[in-house]
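The values are calculated or read from the model by the stated rules, or taken from the named source; none is laboratory data. If you're wondering where the values come from, they're calculated on a predicted model, not measured in any experiment. Here Cβ is always computed from backbone atoms with ideal geometry, including for glycine, and neighbour counts include all displayed protein chains. The protein model used for the area step is the full one, side chains on, heavy atoms only, and it has no ligands, DNA or RNA in it. Shrake-Rupley method; radii C 1.70, N 1.55, O 1.52, S 1.80 Å.
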Amino acid sequence: METKNISYQSSKIYYQSIGNGNPLVLLHGFAEDGDVWKKQISFLKNHFQLIIPHLPGSGKSALINDMSIEGMAETIKAILETEKITQCNMAGHSMGGYITLAFAEKYPDMLSSFALVHSSAFADSEEKKANRLKSIEFVKKNGSHEFLKAVITDLFTATWAANNSNLVEQQIKKSKNFTDEAIIQYYRAMINRPDRTAVLKNFNKPILFIIGEGDKAIPFQQSLQQCYLPNQSSITILRNSAHMGMLEETEKMDKAIIGFYLS
């Protein structure tokens, strides 16, 4: 696996490139970095050229001037231009799905298809916006690590978390790498993102939805509602997952991605 970087808005943005075949961009979510896809890499690298960015403020990548969802989508465009990729597939987990939708809205011709993995095209409800604002205040007072310690465990089903406490601890440990400012900027970006259900309706190529039945971050019923909007939908429901299907049900996740992109 080759780690590369580009300079964007005077900041270094890192990404990994591995494998051969049609390009597949994997975008991680909030308080993660590209390593969240590590269980998929060994399986998918034999079928795709994988491009796995560390989003601005995550992993080795620095914050950029425009930390909006749209601004982060532009970093993906810059990476693809550097790699001379004019068309690709894309899959975004959680916040990475919001970035995927922003990318699809502005650059639909660059996508052959895309996947929303535990993600949503709906804007935040007023209640969710209020909760995110409370989270920002908590981070300001107590720091991002104290906040993320409480949040990360809830991303998994209780059963999986109990049986895989070492992996949960690894995710919590990695959360120490995030600055308070990065977490605050992510929350502001998510609060301010618009409803993008029109993207689902207008995109005339296939869209995959991977849904965790026990997901608290993206409620199950909301996930199902958006699946009926595109002209071409493929749906995989992970019955034993919450928000982290790539770890909770790795094999089913891999099969869903392969089945969708190689069908």
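Checked against (1) closer than 27 Å to residue 188 by Cα; (2) more than 17 Å from the chain's Cα centre (by Cα), residue 55 meets all criteria but (2).
Every condition in (1) among the small types (Gly, Ala, Ser); (2) part of a helix (DSSP H, G or I); (3) surrounded by fewer than 24 Cβ atoms within 10 Å (Cβ to Cβ) is met by residue 97 except one, and the failing one is (3). For the stretch 151-169, which residues satisfy the criterion of being open to solvent by less than 70 Å² (accessible area, probe 1.4 Å) and either closer than 27 Å to residue 194 by Cβ or not hydroxyl-bearing (Ser, Thr, Tyr) (or both)? Those that are open to solvent by less than 70 Å² (accessible area, probe 1.4 Å) and either closer than 27 Å to residue 194 by Cβ or not hydroxyl-bearing (Ser, Thr, Tyr) (or both): 151, 152, 155, 156, 160, 161, 164, 167, 168. One residue stands out in the stretch 24-44 among those that are within 18 Å of residue 89 (Cα to Cα) and not in a helix (DSSP H, G or I): the one that is farthest from the chain's Cα centre (by Cα), namely 24.
For the stretch 45-89, a residue qualifies if it is open to solvent by 10 Å² or more (accessible area, probe 1.4 Å) and assigned to a helix (DSSP H, G or I), and the qualifying residues are 70, 74, 77, 78, 81, 82. Could you tell me whether any residue of the stretch 143-152 is on the phi > 0 side of the Ramachandran plot and not in a helix (DSSP H, G or I)? Yes, the conditions are met somewhere in the stretch 143-152. Considering the stretch 1-35, and only residues there that are touching a His at 6+ places or on another chain (Cβ under 6 Å) and surrounded by fewer than 23 Cβ atoms within 10 Å (Cβ to Cβ), the residue that is farthest from residue 99 (Cα to Cα) turns out to be 21. Among the helices (runs of 4 or more DSSP H) confined to the stretch 187-263, the ones with at least 3 residues that are touching a residue at least 12 places away in the same chain (Cβ under 8 Å), aliphatic (A, V, I, L, M) and open to solvent by less than 30 Å² (accessible area, probe 1.4 Å) are located at 250-261. A count restricted to the stretch 108-131 and to residues that are touching a Leu at 6+ places or on another chain (Cβ under 9 Å) and either open to solvent by 40 Å² or more (accessible area, probe 1.4 Å) or assigned to a strand (DSSP E or B) (or both) stands at 5. Within the stretch 222-263, the set of residues being in contact with a Leu (Cβ under 6 Å, 6 or more places away or on another chain) and of a type in the set (Phe, Trp, Tyr) comprises just one member, 260.
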